[in-house]
1. For the range 309-388, give the percent of accessible area contributed by carbon and sulfur heavy atoms, probe 1.4 Å, rounded to a whole number.
2. Could you work out how far apart the two model spin labels at V98 and A232 are, taking each label as a point 7 Å from the Cα in the direction of the beta carbon, and quote it in nm?
3. Between N96, N169, N153, which gets the highest mean-square fluctuation from a Gaussian network model of the chain, Cα cutoff 10 Å?
4. Accessible area per residue for the chain in Å², computed with a 1.4 Å probe and the full protein assembly in place, what is it?
5. Please report the orientation-averaged projected area of the chain, defined via the convex hull of its C-alpha atoms, in nm².
6. How many percent of the accessible area of the range 196-258 is carbon or sulfur, using a 1.4 Å probe?
7. If I model a spin label as a point 7 Å beyond the Cα along the Cα-Cβ vector, how far apart are those points for R160 and R208 in nm?
8. Which of these, A266, A159, A306, has the largest mean-square fluctuation under a Gaussian network model of the chain (Cα springs below 10 Å)?
Amino acid sequence: MRNGSDVIVVGAGIVGSSAAYHLAKAGVKVTLVEQTHPAGGPSGKSSALLHAFYLMPELSQLSIRGREILVSLPEIAGEGSFVTEIGMMWVCGNDNKVSWAAAAERIRGEGARIETLSPQAFADAAPGFALENVAMALWEPEYGYADAFGATNAIARAARTSGAKIMQNTLIESLQRQGDRITGVILTDGTVLEADTVVLAAGPWTRRLLATVGLDLPLHVERHPMAVLDAAGKARQVMPFAWCDDISCNYARPDNDGVILAGTWAGGGTGLRHEHAGRPRFVENPDDYMEGVEEQESVEILETFADRVPAMAELGIRPGYAGLYDMSPDDLPVIGAMPGVEGLVVSAGSSGHGFKTGPAVGEAVAKLVTEGAQPILAPFSPDRFRAA
């Protein structure tokens with residue numbers, strides 16, 4: 001092949017870097033093409049919460065495996081740890097109590113530690129947090145958060161060490177199509193890179209690249225602002241764990257002891273979507289969106305915590321930042337062989353689940369390429385949108 005590889009992976013976020021690593025470990029000749037650098041897009045701006053709790057078994061299993069891979073990065077990459085295991089705490093109201101308790105029971109059977117807490121047990125475990133409307137809490141002691149940028153780059157370096165070729169600062173003009181087969185990519189300088197299979201893990205840029213060969217998926221891009229709160233050395237006192245509130249529709253975590261990262265969340269993927277929480281603003285062009293966060297946006301995020309965690313109202317507000325979520329219509333990832341063509345596998349529409357599941361999604365995508373269909377990915381197949 002001219003400039004050829006067995007597989008080209010497009011996008012060095014957490015999924016693409018992981019796929020390249022596992023393909024290279026399997027002896028596949030793989031080229032990872034990234035327009036900036038590993039974690040230069042949404043992966044690097046992820047809040048990187050880690051948890052096993054999902055109502056959908058496949059998401060739970062991918063999250064459990066994703067954590068296993070992240071925890072093993074010191075052995076995989078020969079580097080330090082990128083995971084902070086401070087635990088993950090959830091609270092819900094009566095509407096979701098039954099379904100959440102059933103999911104917790106299932107997750108325990110899948111090998112993850114997760115405890116159901118009564119309102120009083122939650123109060124005992126979370127001093128300073130108000131009990132209003134809390135019907136049940138879930139506690140995941142082995143989870144917490146990760147250094148998204150550091151972990152993604154460590155996996156990319158492990159991919160290179162395992163034999164993958166990594167092309168950074170390399171822009172792709174289009175996919176290359178010959179009849180009903182995708183045969184590679186064409187760079188903006190006209191260079192053609194050929195491959196037997198292309199794995200498209202380009203996040204918000206997925207639809208743009210699909211359109212170059214007459215393909216499409218029903219994805220859209222949302223801007224998600226993150227408030228950065230100045231905790232002045234008491235972040236772990238105010239927010240001692242990773243947090244998600246299904247009632248107030250928010251989430252947060254400390255970042256060491258200096259700051260707390262906080263955002264709002266509408267419930268997709270772990271329960272009924274709370275439409276009253278509103279959709280973040282849509283983004284037409286992922287290359288041109290407001291990456292900074294206005295102070296009023298941070299104030300609005302902070303106000304969602306006022307009743308539950310009063311101490312947060314006393315924190316200062318630092319400049320926040322915004323990342324991008326590529327969203328699917330059903331808030332679930334889109335992973336699998338692209339219908340209508342041969343030689344193209346997509347991993348897109350992560351819908352906010354991307355980082356925690358990403359290491360395992362990359363592993364499963366690599367197995368899909370080398371071994372064939374993977375049952376854990378079946379619910380996420382792009383085929384589910386074919387009728388629509």
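The values are calculated or read from the model by the stated rules, or taken from the named source; none is laboratory data. Everything quoted here is computed from the prediction, not taken from an experiment. Neighbour counts run over all protein chains shown; Cβ positions are idealised from the backbone, glycine included. Calculation scope for accessible area: heavy atoms of the full protein, side chains included, ligands and nucleic acids excluded. Shrake-Rupley method; radii C 1.70, N 1.55, O 1.52, S 1.80 Å.
1. 54 percent
2. Using points 7 Å along Cα→Cβ, the separation is 4.8 nm.
3. So, out of N96, N169, N153, the one fluctuating most is N169.
4. Here the per-residue accessible area is 39 Å².
5. Working: hull surface 72.6 nm².
Across all orientations, the chain yields a mean hull projection of 18.1 nm².
6. That share works out to 48 percent.
7. Placing both labels 7 Å beyond Cα along the Cβ direction yields 2.4 nm.
8. Result for the chain, Cα springs under 10 Å: A306 fluctuates most.
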